[in-house]
Every structure is written in C-alpha cells, then in structure tokens.
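Peer 1: Please read through the structure below; I'll follow up with questions.
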Amino acid sequence: MSDAEFVVVANRLPVDRVVGPDGEEEWRTSPGGLVAALEPMMRSARGAWVGWPGQPDVELEPFEINGIDLVPVSLSADEVEDYYEGFANDTIWPLYHDVIAPPQYHREWWEAYVKVNRRFAEAAAAVAAPNGTVWVHDYQLQLVPQMIRELRSDVTIGYFHHIPFPAHGLYAQLPWRDQVLRGLLGADVIGFQRAQDATYFLTAVRRRLRHDVKGSAVTIPTDDGGTRTAVARAFPISIDTAPYLELAARPDVRARAAEIRASLGNPKKILLGVDRLDYTKGIRHRIKAYGELLEDGQLSVEDVTFVQVASPSRERVDAYVHLRDEIELAVGRINGDHDTMGHTAIRYLHQGYPREEMVALYLAADVMLVTALRDGMNLVAKEYVATRADNRGVLVLSEFTGAADELRQAVRVNPHDIAGLKDAIMTAVAMPPAEQGKRMRSLRRRVLENDVNAWSSSFLRALDEVRKR
Ligand code: GDG
C-alpha cells in the first residue's frame with residue numbers, strides 16, 4: 001500500500017479506543033485542531049496518518065475511519081516507558097522547556113527513542129506514494145525526517161515542532177545533540193512556533209554541525225558530494241475556530257455558563273485557569289500570586305473565585321506526581337484559610353471535561369490566566385479569545401508563550417515575578433468594560449484571521465516551494 005500522496009506522522013493516531021456498553025471495542029476520532037486542519041487535505045489527497053494507537057502491545061492492521069487511512073505503529077509496554085514517558089517526556093520535554101524540571105539522561109531511553117523513531121519512519125516510507133509528501137509532527141519523532149529521507153529520497157518531508165526549541169547553552173546539555181539536529185535536518189521545511197525557536201535551532205546547527213546558514217536556509221552536504229537545502233522558520237499554530245464560535249453561540253452552552261457562575265455563589269469576578277497538569281504551565285506561580293492577594297486583602301472570596309481546571313497528564317512520570325502533590329497542598333492551604341460556607345477561594349478540578357463544558361467555562365470567566373513558564377504556543381489563550389464574541393473578558397498572558405508574539409493586547413506578565421503577576425491580576429480584575437472591549441476586539445481579529453487552516457496552508461505552501469526548486 002504505497003499510494004498515499006500525503007502522509008502525517010505523529011506520536012498518536014487521532015483516535016481513541018472506547019469500550020461500548022456490551023464490552024465491544026471500537027475506535028473513535030479524538031477531536032483536535034490538528035485533525036481538523038489536516039482532514040480536508042487527507043481526504044482530497046489520498047491521505048494516511050501514521051501513529052501509535054495509545055495503548056501498549058496492541059497490534060493492529062491499518063484501518064480507515066471517516067475517510068482517513070490510519071496506520072498504527074505498535075509499542076511494547078517497555079517502549080512506552082523508555083521512548084515515550086522516558087526520553088520524550090522526561091528528557092526532551094524538560095530540556096526544551098528551559099529545564100524547569102531537571103531532564104533525565106539515560107542511554108537506554110535514547111536507544112528506545114532511536115528504535116521507535118525508526119519504526120515510525122519505516123511505516124511512513126512504506127505508505128508514501130512516489131514523490132509524495134510526508135509531514136512529521138513533534139518532539140517524540142525528531143529523528144524521523146532523516147530516517148525517512150534515507151529510505152525514500154523521492155518524498156518531500158516537512159517537520160513541525162510544537163514545543164519550544166531551547167537556547168544553545170541548554171541544548172548543548174543533550175548527550176545526543178548532534179544526532180537530533182541531523183534527524184531534524186532530514187526535513188525540507190522545519191517549522192517552529194516562534195521566530196526565536198527557529199533562531200535557536202539555526203544557532204545550534206551552525207555551532208554544532210558547522211553547516212552554512214543564511215537567513216532561514218541551511219546548506220547541508222550530501223553523501224554524493226553535493227548539497228541540499230533545508231528551511232527552518234516560524235509557522236505559529238492556531239485553533240480550529242469554527243467549533244468554538246458555534247459552541248459559544250449555543251443557548252445551552254450559554255445557559256451552562258450562567259449556571260456555573262450561580263453555582264460559585266455569583267461572584268463579581270471569575271478567574272479561570274485551564275491547563276494539562278504540567279510544570280511548564282506555571283500553575284503554582286498563579287496559585288501563589290492569587291493566595292497572596294487574598295492574604296493581603298486585595299481580593300476577597302466574597303467577590304472573586306478562581307477556577308483551576310488541571311486535566312490529568314503523564315501521571316506515571318515522577319515530576320508530574322510531585323507537581324500534583326505540591327499544587328494540591330497549596331490549594332488545600334489557601335481554601336482552608338479563606339473559604340467561607342458560601343464561597344470558595346479556589347475551585348480546583350483535576351478532571352478532563354468535554355469541549356462544551358470548556359467553552360461554558362471560558363464564557364463564565366471574566367479573567368483568563370495563562371501564566372506558563374514556557375509554552376510552545378498555548379492554545380487555551382486562543383480558545384478563550386475566540387469564544388468571547390461579546391468582546392468582554394481579559395486575557396492575562398505570559399511572555400514565555402508562543403501566543404505572546406501574536407496576542408499583543410493581552411495583559412502581559414512574567415510569571416516568575418510574583419509581584420508583577422499580582423499586579424497583572426489586579427489590573428485584569430479592575431479593567432473597565434471599554435478597555436476590555438478595545439483589547440478583546442483586536443485579540444479576536446488576530447485569532448479569527450489566523451486560524452489553524454491558515455497555519456497548515458502556509459506550512460504546506462512552504463513545502464510546495466521546496467518541491468518546485
Ligand atoms: C502542545 C504545546 C502548543 C485541556 N484540558 C482539557 C482540554 N484541554 C485542551 C485545551 C487545548 C489543549 O487541550 C491544550 O493545548 P495547549 O496549547 O494549551 O497545550 P499542550 O497540551 O501543552 O500542547 C503547546 C500545542 O502543543 C499545539 O501546538 O500550543 O505549546 O505544549 O486545546 O482546550 N480539552 C478538553 N477537556 C479538558 O479537560 N475537552
């Protein structure tokens with residue numbers, strides 16, 4: 001089956017296995033911006049999606065769902081531990097997020113990463129049509145571009161990096177730094193979220209591999225004595241805005257937003273945080289700043305409630321277990337000190353919710369707190385903005401997110417600066433409606449014009465230009 005004109009390679013297939021009421025198993029598409037953006041292309045261009053089905057030791061034949069060919073890559077339980085939880089999520093993730101948590105370097109994890117990357121590359125090389133296009137996604141698969149090129153020099157290869165790329169001083173820690181750079185340079189176009197990420201990558205390429213770099217173009221010597229060019233630059237990702245606009249306009253979702261406010265005791269202001277429970281998201285800093293505002297008496301639980309959704313994530317990685325304990329201790333302390341019978345300081349929810357409920361929360365929130373210490377983009381910020389059709393609400397946004405490059409009218413914060421974070425929260429809580437409207441209109445224009453379709457089109461255009469050369 002080597003006939004797919006367009007192949008997506010990502011760690012996960014865009015499906016989840018669900019067990020029905022009678023114990024029968026079936027696959028359901030998991031909604032996400034990436035799927036939405038690529039679906040039309042996948043359908044019109046005989047597309048295939050190569051990825052892990054999300055459970056260990058599951059051997060599956062390729063299958064089709066909603067017109068997309070899915071090509072499952074199987075991982076053993078040990079590989080999930082070493083390649084995914086280990087190298088991807090406990091080496092690369094912390095290193096690339098500025099070592100907020102200490103990266104763990106283990107040779108067995110690296111070996112598993114190489115082996116699994118090769119399996120993904122072989123699966124992609126087997127399904128791609130002659131002269132087809134392969135688009136590889138994210139930090140779990142950094143070696144795949146070069147591995148595909150070795151197997152199939154006829155295909156055009158793109159790679160998109162969803163997380164930050166670190167400054168050279170940090171990147172240089174990685175014991176396998178040169179191998180990873182060579183892996184990525186197998187792509188014709190290497191996309192990053194921010195211009196800064198691309199610059200850091202190009203610096204690493206120049207300093208480690210001594211390749212010639214001009215602007216965004218890298219000249220790479222080839223085995224036959226010639227050269228080829230790879231382009232590395234920013235393509236800021238966005239959201240599929242349509243479902244957010246639709247849900248935000250739906251009467252039942254709006255009624256649910258009012259119900260949420262009432263159930264919190266109708267506070268004057270609702271502050272909201274929505275994150276995977278991850279140490280990169282700055283949840284602890286946000287809670288600390290808010291707790292101090294209650295302590296100082298600048299805010300009162302009679303007037304303000306902070307809702308924090310922390311959806312469960314990577315629960316088998318130690319750093320995440322500790323983080324959860326720390327956050328829950330802090331929340332318990334603050335609530336213990338400040339709650340009254342009728343009002344709570346922090347409504348903390350360690351749960352995942354359907355998208356309808358997320359939108360109802362966005363609609364209920366007067367202030368959205370996005371205080372990540374480091375974040376490739378942060379789509380929550382864009383989702384909040386998209387749902388605010390009444391141009392009300394304030395986004396507090398960390399400078400260390402990719403979104404900060406675009407969402408200039410947010411209240412910007414350095415989340416490491418707790419005093420500054422407290423000021424930003426107070427500015428947001430007190431912002432007059434006219435000022436909210438002015439800022440939100442500009443934010444919404446940006447998000448609605450640059451949605452995920454604009455992102456994928458611009459990346460694919462860049463790939464096309466390479467092909468024409
Ligand atoms: C990586 C990069 C980059 C969260 N909890 C629930 C839920 N979510 C949804 C949000 C949002 C998504 O998950 C999270 O996206 P983010 O961009 O905020 O963060 P990461 O998961 O870290 O994503 C990031 C992104 O890739 C894309 O390139 O922006 O920087 O780290 O869509 O709404 N959705 C539902 N229930 C939940 O409980 N339904």
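Peer 1: Of the residues 289, 310, 262, 345, which single one is at pLDDT 95 or above, surrounded by fewer than 16 Cβ atoms within 10 Å (Cβ to Cβ), of a type in the set (A, V, I, L, M, F, W, C) and not assigned by TED's automatic domain parsing to the domain that holds residue 102?
Peer 2: Selected residue: 262, the only one of 289, 310, 262, 345 that is at pLDDT 95 or above, surrounded by fewer than 16 Cβ atoms within 10 Å (Cβ to Cβ), of a type in the set (A, V, I, L, M, F, W, C) and not assigned by TED's automatic domain parsing to the domain that holds residue 102.
Peer 1: (1) under 23 Å from the mean Cα position of the chain (by Cα); (2) at pLDDT 95 or above: which one isn't true of residue 452, the others all being true?
Peer 2: Every condition holds for residue 452 apart from (2).
Peer 1: Could I ask something else about it? Scan the stretch 350-361 and report the pairs whose first residue is assigned to a loop (DSSP other than H, G, I, E, B) and whose second residue is of a type in the set (A, V, I, L, M, F, W, C), with Cβ atoms within less than 8 Å and a gap of 6+ or a chain change.
Peer 2: Listed by first residue and then by second, the contacts come to 350/277; 350/310; 351/309; 353/309; 353/361.
Peer 1: I've got another one for you. Look through 88, 125, 101, 77 and report the one residue that is of a type in the set (Gly, Ala, Ser), closer than 20 Å to residue 16 by Cα and touching a residue at least 12 places away in the same chain (Cβ under 8 Å).
Peer 2: Answer to the check: 77.
Peer 1: I would also like to ask the following. Among the numbered criteria (1) of a type in the set (S, T, N, Q); (2) at pLDDT 95 or above; (3) closer than 22 Å to residue 16 by Cβ, which one does residue 66 miss?
Peer 2: Unmet condition: (2).
Peer 1: Hey, another quick one. Could you say whether any residue in the stretch 407-426 is surrounded by fewer than 22 Cβ atoms within 10 Å (Cβ to Cβ), within 16 Å of the ligand (Cβ to nearest atom), within 29 Å of residue 96 (Cβ to Cβ) and at pLDDT 95 or above?
Peer 2: No, because not a single residue in the stretch 407-426 is surrounded by fewer than 22 Cβ atoms within 10 Å (Cβ to Cβ), within 16 Å of the ligand (Cβ to nearest atom), within 29 Å of residue 96 (Cβ to Cβ) and at pLDDT 95 or above.
Peer 1: Now for a separate question. Scan the stretch 202-226 residue by residue and report those that are over 12 Å from residue 185 (Cα atoms), under 27 Å from the mean Cα position of the chain (by Cα) and surrounded by 13 or more Cβ atoms within 10 Å (Cβ to Cβ).
Peer 2: 203, 216
Peer 1: Can you tell me which residues in the stretch 86-120 are of a type in the set (Asp, Glu) and crowded, with 23+ Cβ neighbours inside 10 Å?
Peer 2: Within the stretch 86-120, just 90 meets the criteria.
Peer 1: Find the residue count for the stretch 25-65, including only residues that are part of a loop (DSSP other than H, G, I, E, B), within 25 Å of residue 450 (Cβ to Cβ) and more than 16 Å from the ligand (Cβ to nearest atom).
Peer 2: Of the residues in that region, 1 qualify.
Peer 1: Exactly one of (1) surrounded by fewer than 24 Cβ atoms within 10 Å (Cβ to Cβ); (2) in contact (Cβ under 8 Å) with a residue 24 or more places away in the chain; (3) within 14 Å of the ligand (Cβ to nearest atom) is unmet by residue 368. Its number?
Peer 2: With respect to (1) surrounded by fewer than 24 Cβ atoms within 10 Å (Cβ to Cβ); (2) in contact (Cβ under 8 Å) with a residue 24 or more places away in the chain; (3) within 14 Å of the ligand (Cβ to nearest atom), residue 368 is out only on (1).
The values are calculated or read from the model by the stated rules, or taken from the named source; none is laboratory data. Bear in mind the structure is a predicted one, so any value in this text is a computation, not a measurement. Every residue, glycine as well, gets a Cβ built from its backbone with ideal geometry; the counts of neighbours run over all protein chains shown.
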